[in-house]
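J.: Quick one: structure below, then a few questions.
The values are calculated or read from the model by the stated rules, or taken from the named source; none is laboratory data. Here the structure is a predicted model, which means the values were calculated and not measured. In this analysis, Cβ positions are derived from the backbone assuming ideal geometry, glycine residues included, and neighbour counts consider all displayed protein chains.
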Amino acid sequence: MKNQIRIGCGAGFSGDRLEPAMILAERGNLDYLVLECLAERTIALAQKRKLADPTKGYDPLLERRIEGLLPILVKNNVRLITNMGAANPMEGAKKIVEIANKQRIPVKVAAVIGDELSDKLKEMSDDIFKFNNENFAVELIKKHLSPSAHLSPLISANAYMGVEAILEALQSDANIIITGRVADPSLFLAPMIHEFGWATDNYNLLGQGTVVGHLLECAGQITGGYFADPITKPVADMDTLGHPFADVFADGSAIISKVEGTGGVVNLATVKEQLLYEVVNPFAYLTPDVSANFTTVKLEEIAENQVKVWGGTGQEKPPTLKVSVGYQAGFLGEGEISYAGHCALARAILAGETLEKRLKADFPDLRTDYVGVSAIHRTDFEHQIEPYEVRLRLAANADTAQKAALIGEEVEALYTNGPAGGGGARKYVTELVGIVSVLVDRKKVIPEVIIF
Amino acid sequence: MKLYHIAHSRAGDKGNISTLSLIPYDAKDYELLCQKVTAARVKEHLKEIVFGEILRYEMPNISSLLFVCQDALLTGVTTSLSIDTHGKALSYALLEMEIES
């Protein structure tokens, strides 16, 4: 058993920058590199790609990330754990092997599957429960299982799996472990359990390990990304922002840091912001592995860009797993146009009110935003500053793309049918994939590891 | 005094919930924040943004507050009609709040 490991996080979402992971792998002296690339909706979008082409459905950046990283990972003996498998870990694993063969690098890849439930919903229908008392997701599943299933808007149903499946893969000699839907902190907790021999019912250790995973999982968000403010929170060298790593010790304590020479900062302020990020109950941060308690966590800045984290605790894991259900949610229609100079806001408001009259009957939920004034906070908190320029934006949902397009068409028509000086009209139609959640009995979700 | 003079914040999203942390630059101001920035006052300040309940968690271990705001994202990231579907910018809405110093 080791008494210390170093885990880096080189991606915090599917579209994250590629370079910081390369720097971590090359110069981070890592034992493990984690790439977290799967937001709630990402997997439903991946499922749609898989339906169109059964050899696709893994992360669209997988090829680019692996082509660059593979030689470095193998040279430096760093194991990669990633959820880039998205809706299709098997095909993702095959693609990695194909890239390795092309680069003449011998690798072993473990695909972790079992999270996808769409085909199993029928047999588990008695074990599906409401999440946060929301009924909509359960109704979606019922419709999917009814005789009118061909009308079902359900696209995907994926359970958040915990460390179990990754642990099995870690016991093999796979260099790369690629998963579908796994809870983000579990990607980090699994190597800790594997290396330190923690018992999977030692909930205090799992709670502290989950804290470390939670801190790392958004990559640049703990090194100055989503943090920097040139006036109140200045961060040096944002252009070369480094991604984080943690030195984790066998007692679960850890030191969060980043590669020497990279931009950004790790300090108490960045760590506190990330610790509380997306937390709805700090006494019970639920994952498939543990109910982690963040209110016992201690932090100390022990050196420049080094924050020590310890004291996280935990209680028994929940008996259910959360399942993300993706469904077709219709189409979003948007249109934008700008006004500038004298009376810009007044002309934008005239344009907005004119379009509300033209569209409201067909789009009762029509949204009108004045960008530069009150679009983002939905109020200006009584600042009442006369802006020099304003961008009007209209948005509405519709059942069809054709109907959604009407929003942009009406905005564009303001050129000749609206107030003076309207310029830069743009129109967009976006297909919407909605995500809702249910809970399932965890015994019904069986992870499986396949080695390539 | 506006909150941004003494504290920073990060917004997170879970479904239709917005989570807003409030972290004093100087840990000595934590008590002041506990006293002045109650859930009820935040609810009043964010009345045009948050339509549901606001729950405040006190975290003396890291000298920080956490506000969990229900019904705050116009249905949530995947179907919201707002530009900022995640509510990423809402941290700065909280920091606009005025307190007596």
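J.: Can you name every residue in the range A:146-163 that is assigned to a helix (DSSP H, G or I) and out of contact with any Asp or Glu (no Cβ under 8 Å at 6 or more places or on another chain)?
T.: A:149, A:150, A:151
J.: Still on this structure, I have one more. Is there a residue in the range A:359-372 that is of a type in the set (Gly, Ala, Ser), without any contact (Cβ under 8 Å) to a residue 24 or more places away in the chain, surrounded by fewer than 20 Cβ atoms within 10 Å (Cβ to Cβ) and in a loop (DSSP other than H, G, I, E, B)? Working first, answer last.
T.: Here is the first cut: in the range A:359-372, the residues of a type in the set (Gly, Ala, Ser) are A:361, A:372.
Cutting the leftovers down to without any contact (Cβ under 8 Å) to a residue 24 or more places away in the chain gives us A:361, A:372.
Remaining after also requiring surrounded by fewer than 20 Cβ atoms within 10 Å (Cβ to Cβ): A:361.
Next cut, in a loop (DSSP other than H, G, I, E, B) only: A:361.
Checking the range A:359-372: at least one residue is of a type in the set (Gly, Ala, Ser), without any contact (Cβ under 8 Å) to a residue 24 or more places away in the chain, surrounded by fewer than 20 Cβ atoms within 10 Å (Cβ to Cβ) and in a loop (DSSP other than H, G, I, E, B).
J.: Condition check: away from every other protein chain (no Cβ under 14 Å) and either modelled with pLDDT of 95 or more or on the phi > 0 side of the Ramachandran plot (or both). Does residue A:215 satisfy that? Break it down stepwise before answering.
T.: Numbers: away from every other protein chain (no Cβ under 14 Å): no; either modelled with pLDDT of 95 or more or on the phi > 0 side of the Ramachandran plot (or both): yes.
Judged against the criteria, residue A:215 is not a match.
J.: Could you run through the range A:26-66 and say how many residues are touching a helix residue (DSSP H, G or I) at 6+ places or on another chain (Cβ under 6 Å) and acidic (Asp, Glu)?
T.: 2
J.: Please state which of the following conditions residue A:333 fails to meet, knowing it meets all the rest: (1) in a strand (DSSP E or B); (2) more than 14 Å from every other protein chain (Cβ to nearest Cβ).
T.: Looking at each condition in turn, residue A:333 falls short on (2).
J.: Continuing with the same structure: Would you please name the residue that is nearest to the other protein chains (Cβ to nearest Cβ), looking only at residues in the range B:1-33 that are assigned to a helix (DSSP H, G or I) and under 13 Å from the mean Cα position of the chain (by Cα)?
T.: The first filter runs over the range B:1-33 and keeps only residues assigned to a helix (DSSP H, G or I), leaving B:3-5, B:27-33.
Now drop any that are not under 13 Å from the mean Cα position of the chain (by Cα), which leaves B:3-4, B:33.
Values: B:3: 11, B:4: 7, B:33: 13 Å.
Looking at the filtered set, the residue picked out is B:4.
J.: A further question on this structure: Using beta carbons and a limit of 7 Å, which pairs, at least six apart or on different chains, have the first residue in the range A:244-256 and touching a residue at least 40 places away in the same chain (Cβ under 8 Å) and within 18 Å of residue A:267 (Cβ to Cβ) and the second one assigned to a loop (DSSP other than H, G, I, E, B) and not hydrophobic (A, V, I, L, M, F, W, C)?
T.: A:244/A:223; A:245/A:28
J.: Filter the range A:185-225 down to residues that are out of contact with any strand residue (DSSP E or B) (no Cβ under 9 Å at 6 or more places or on another chain) and either aromatic (Phe, Trp, Tyr) or buried (at least 24 other Cβ atoms within 10 Å of the Cβ) (or both), then give me how many there are.
T.: So the count comes out to 2.
J.: Would you say residue A:137 is under 19 Å from residue A:58 (Cα atoms) and buried (at least 18 other Cβ atoms within 10 Å of the Cβ)? Break it down stepwise before answering.
T.: Working: under 19 Å from residue A:58 (Cα atoms): no; buried (at least 18 other Cβ atoms within 10 Å of the Cβ): yes.
It is false that residue A:137 is under 19 Å from residue A:58 (Cα atoms) and buried (at least 18 other Cβ atoms within 10 Å of the Cβ).
J.: Here's something else I'd like to know. Only one of (1) away from chain B (no Cβ under 14 Å); (2) touching a residue at least 12 places away in the same chain (Cβ under 8 Å); (3) part of a loop (DSSP other than H, G, I, E, B) is not met by residue A:410, so which one is it?
T.: Here residue A:410 meets the rest and fails (3).
J.: Could you check, for the range A:295-307, whether at least one of its residues is part of a loop (DSSP other than H, G, I, E, B), surrounded by 21 or more Cβ atoms within 10 Å (Cβ to Cβ), more than 13 Å from chain B (Cβ to nearest Cβ) and touching a helix residue (DSSP H, G or I) at 6+ places or on another chain (Cβ under 8 Å)?
T.: The answer is no, given that none of the residues of the range A:295-307 is part of a loop (DSSP other than H, G, I, E, B), surrounded by 21 or more Cβ atoms within 10 Å (Cβ to Cβ), more than 13 Å from chain B (Cβ to nearest Cβ) and touching a helix residue (DSSP H, G or I) at 6+ places or on another chain (Cβ under 8 Å).
J.: Now, a different point. Taking the range A:373-389 only, how many residues are surrounded by 14 or more Cβ atoms within 10 Å (Cβ to Cβ) and more than 14 Å from every other protein chain (Cβ to nearest Cβ)?
T.: First pass over the range A:373-389, keeping only residues surrounded by 14 or more Cβ atoms within 10 Å (Cβ to Cβ): A:373-381, A:387, A:389.
Narrowing the set further to residues that are more than 14 Å from every other protein chain (Cβ to nearest Cβ) leaves A:387, A:389.
So the count comes out to 2.
J.: Among the residues of the range B:43-97, count how many are assigned to a strand (DSSP E or B), out of contact with any helix residue (DSSP H, G or I) (no Cβ under 7 Å at 6 or more places or on another chain) and more than 9 Å from every other protein chain (Cβ to nearest Cβ). Walk me through how you get there before you give the answer.
T.: So in the range B:43-97, the residues assigned to a strand (DSSP E or B) come out as B:54-59, B:64-69.
Those still in the list that are out of contact with any helix residue (DSSP H, G or I) (no Cβ under 7 Å at 6 or more places or on another chain) too: B:57, B:66, B:68-69.
Adding the requirement that they be more than 9 Å from every other protein chain (Cβ to nearest Cβ) leaves B:69.
The qualifying residues number 1.
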